[in-house]
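S.K.: The structure is given below, and queries will be raised subsequently.
The values are calculated or read from the model by the stated rules, or taken from the named source; none is laboratory data. This structure is a prediction, so every number in the text was calculated from the model and none was measured. Positions of Cβ are backbone-derived with ideal geometry, glycine not excepted, and every protein chain shown enters the neighbour counts.
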Amino acid sequence: MQHLKPRLMVVVLLFVAVLGISTFWLQDQYLLLGILLVLISTVPFFIRFEAGKQNAREMVLISMLAAIAAAGRVLFAALPNVKPTSFVVIMTGLAFGPEAGFMVGAVAAIVSNMFFGQGPWTPWQMFSWGLMGLTAGLLQKKSRLEKRLGLMAFGLVWGFIFGWIMDVWYVIGFIHPLTWETVLGGFAASFYFDLVHGLSNAFFLGLLSNSWLKVLQRIKLKYGLLER
């Protein structure tokens with residue numbers, strides 16, 4: 001985390017604060033909260049733009065990747081928890097860094113929920129997918145992620161982490177009374193779905209990561225996009 005840029009750390013902390021507020025006081029304002037979180041996730045990009053380090057091509061690229069990620073979730077809606085969205089978010093983080101990964105993940109969640117329905121789960125999904133892209137960006141230079149098996153393991157683990165973050169929302173909102181037994185039961189109930197999500201991540205990463213990374217890196221180098 002020592003390599004996490006201060007502005008991105010502020011965005012993550014703002015997400016956590018808004019999630020806490022929405023959970024206990026603003027549960028019925030989920031669409032407004034989702035839009036607010038999208039605006040928060042763009043903070044690093046607005047700062048870069050004002051500093052003259054951002055251009056229209058980069059914003060178009062991020063928007064396209066978010067749209068592709070959202071479309072992947074819609075196309076695979078018949079297969080519960082098989083989420084190509086996670087694959088696109090991870091690849092974005094690996095190719096373009098944590099800021100881009102976080103923004104694509106957050107935007108893809110709220111856009112795809114235009115089809116599935118917005119709800120109090122939307123901000124939590126935005127945070128979960130955003131954090132997924134962020135960690136992929138932070139670990140992009142690690143030797144283990146440069147190998148296919150390491151990348152597949154990363155996707156598998158994040159299938160469970162994503163589910164555990166969503167379980168926090170479920171436990172807080174729907175399980176009463178809160179005891180160790182009820183909390184553990186709530187987390188255990190999602191094990192199958194988390195496993196399917198993780199295995200689908202590993203499958204897509206194992207099958208498509210090399211070709212996708214080559215294309216994205218070629219775009220990055222050719223147009224000089226999102227250079228650190």
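S.K.: Read through the list (1) under 24 Å from residue 74 (Cα atoms); (2) in contact (Cβ under 8 Å) with a residue 60 or more places away in the chain; (3) surrounded by fewer than 22 Cβ atoms within 10 Å (Cβ to Cβ); (4) not aliphatic (A, V, I, L, M), then give the number of the only condition that residue 127 fails.
M.R.: Of the numbered conditions (1) under 24 Å from residue 74 (Cα atoms); (2) in contact (Cβ under 8 Å) with a residue 60 or more places away in the chain; (3) surrounded by fewer than 22 Cβ atoms within 10 Å (Cβ to Cβ); (4) not aliphatic (A, V, I, L, M), the odd one out for residue 127 is (3).
S.K.: Return the residue satisfying two criteria in turn: it lies in the range 134-155 and is hydrophobic (A, V, I, L, M, F, W, C) and either within 14 Å of the chain's Cα centre (by Cα) or not in a helix (DSSP H, G or I) (or both), and of such residues it is nearest to residue 82 (Cα to Cα).
M.R.: Residues of the range 134-155 that are hydrophobic (A, V, I, L, M, F, W, C), as a first pass: 134, 136, 138-139, 145, 149, 151-154.
Next, only the ones that are either within 14 Å of the chain's Cα centre (by Cα) or not in a helix (DSSP H, G or I) (or both) stay: 134, 136, 138-139, 154.
Values: 134: 21, 136: 19, 138: 24, 139: 24, 154: 16 Å.
Here the residue is 154.
S.K.: Under 6 Å between Cβ atoms, which residue pairs at least 6 apart in sequence (or on different chains) link something in the range 173-197 that is under 20 Å from residue 120 (Cα atoms) with a partner that is at pLDDT 90 or above and not acidic (Asp, Glu)?
M.R.: The qualifying pairs are 190/163; 194/159; 194/160; 194/163.
S.K.: Determine whether the range 173-193 contains at least one residue that is more than 17 Å from residue 133 (Cβ to Cβ), at pLDDT below 95, under 21 Å from the mean Cα position of the chain (by Cα) and part of a loop (DSSP other than H, G, I, E, B). First the steps, then the outcome.
M.R.: Just the residues of the range 173-193 that are more than 17 Å from residue 133 (Cβ to Cβ), to begin with: 173-193.
Filter once more, so that each one left must be at pLDDT below 95: 173-193.
Filter once more, so that each one left must be under 21 Å from the mean Cα position of the chain (by Cα): 187, 190-193.
Among the residues that remain, those that are also part of a loop (DSSP other than H, G, I, E, B) are: 190.
Yes, there is a match, as at least one residue in the range 173-193 is more than 17 Å from residue 133 (Cβ to Cβ), at pLDDT below 95, under 21 Å from the mean Cα position of the chain (by Cα) and part of a loop (DSSP other than H, G, I, E, B).
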